[in-house]
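Only one structure is covered here, and it is reproduced in the block below.
Derivation of every value follows stated rules applied to the coordinates shown; laboratory data play no part. Keep in mind it's a predicted model, so treat the numbers as computed, not measured. Reconstructed Cβ throughout: ideal geometry from the backbone, glycine too, with neighbour counts over all protein chains shown.
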Amino acid sequence: MRFRISILIFALALLAACKTEPDDFDRDFGYDYYPLEIGQFLTYRMDSTIYDPTGDSLVSQSTSFLKEIVVDSFTDLTGSTVFRIEQYQRAVDSLPWSIKKVVTASVTDNQAQRVEDNLRFIKLTFPVRENVSWDGNVFFDSGTKVTVAGETLEMFKSWSYRILQAGQPETIGGDSFPDVVTIQNADSENLIELRQAHEKYARDVGLVYRELWILDTQCIEDCIGMNWEEKAEKGFILKQTLIDHN
């Protein structure tokens, strides 16, 4: 009897020991990659290249600044807490900020969602794990057109979200972040369209970097061997880099 009891105790102890590591692993869903708190602010440098086939110059480049402040929260019809974020912009850091627009963000059903320009995006899914993929634009038509320099583009054509890596240290905008997750939003290319986009989120900070290449061209035979910066006829390149936060 003592022998059987000892075996039972040993088995239970072994089962508890085996469960400890997976439970600890599963407990880290990575919600802190997408922190939302009233008073939080993030400031970015926005480096953009715009292709305008109707302008005096095909290519225009500029740098501006964008600031996001979480100003309020409310409960939506599903019972989820939604945070209201005000966006401010300025051309140079010596000018005052002027409000640009309002966006909202929430964590709902293990999804980090953001509504911007009436489009709802699933920015992250939880738990955060490498190689996990999802349709981040499922709430709207992928053929939705946007206007850039008076020209329309199907910006979100062929987008597919996937976590490329997580938990990696990176230096961005002069700051070092010990734990960053990189999400590929789009990686599609053919003879006339380029759709490349990715975002980086740091633990306890949020979005620290974003890069988009949304370019179209009709130059095919005459542009063989050219890179997209040379042959693009409309669209834009945007690099959004975090430079300040609290």
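Could you tell me which numbered condition THR182 fails, if it satisfies all but one of (1) closer than 21 Å to THR217 by Cβ; (2) part of a strand (DSSP E or B); (3) among the hydroxyl-bearing types (Ser, Thr, Tyr)?
So THR182 meets the others, but not (1).
Restricting attention to the range 171-192, and to residues there that are acidic (Asp, Glu) and over 16 Å from the mean Cα position of the chain (by Cα), which single residue is farthest from PHE65 (Cα to Cα)? Break it down into steps so the answer makes sense when it comes.
First, pick out the residues of the range 171-192 that are acidic (Asp, Glu): 175, 179, 187, 189.
Filter once more, so that each one left must be over 16 Å from the mean Cα position of the chain (by Cα): 175, 189.
Working: ASP175: 17, GLU189: 29 Å.
Among those residues, the one meeting the criterion is GLU189.
Taking the residues in the range 89-111 that are charged (D, E, K, R) and outside any strand (DSSP E or B) as candidates, determine which candidate is nearest to the chain's Cα centre (by Cα).
Residue satisfying both the conditions and the ranking: ASP109.
Can you confirm whether the range 210-224 contains a residue that is in a strand (DSSP E or B), within 23 Å of SER106 (Cβ to Cβ) and β-branched (Val, Ile, Thr)?
no
For the subset of the range 145-166 comprising residues that are polar (S, T, N, Q) and more than 28 Å from TYR33 (Cα to Cα), which member is surrounded by the most Cβ atoms within 10 Å (Cβ to Cβ)?
Narrowing the range 145-166 to residues polar (S, T, N, Q): 147, 152, 158, 160, 165.
Retained after the next criterion (residues that are more than 28 Å from TYR33 (Cα to Cα)): 147, 152.
Working: THR147: 9, THR152: 11.
Ranking the candidates gives THR152 first.
Of the residues ARG90, ARG114, ARG84, which is without any contact (Cβ under 8 Å) to a residue 40 or more places away in the chain, out of contact with any Leu (no Cβ under 6 Å at 6 or more places or on another chain), closer than 30 Å to GLN168 by Cβ and surrounded by 14 or more Cβ atoms within 10 Å (Cβ to Cβ)? Let's see the steps before the verdict.
On the way: ARG90 fails: closer than 30 Å to GLN168 by Cβ; ARG84 fails: closer than 30 Å to GLN168 by Cβ.
Of the residues listed, the single one that is without any contact (Cβ under 8 Å) to a residue 40 or more places away in the chain, out of contact with any Leu (no Cβ under 6 Å at 6 or more places or on another chain), closer than 30 Å to GLN168 by Cβ and surrounded by 14 or more Cβ atoms within 10 Å (Cβ to Cβ) is ARG114.
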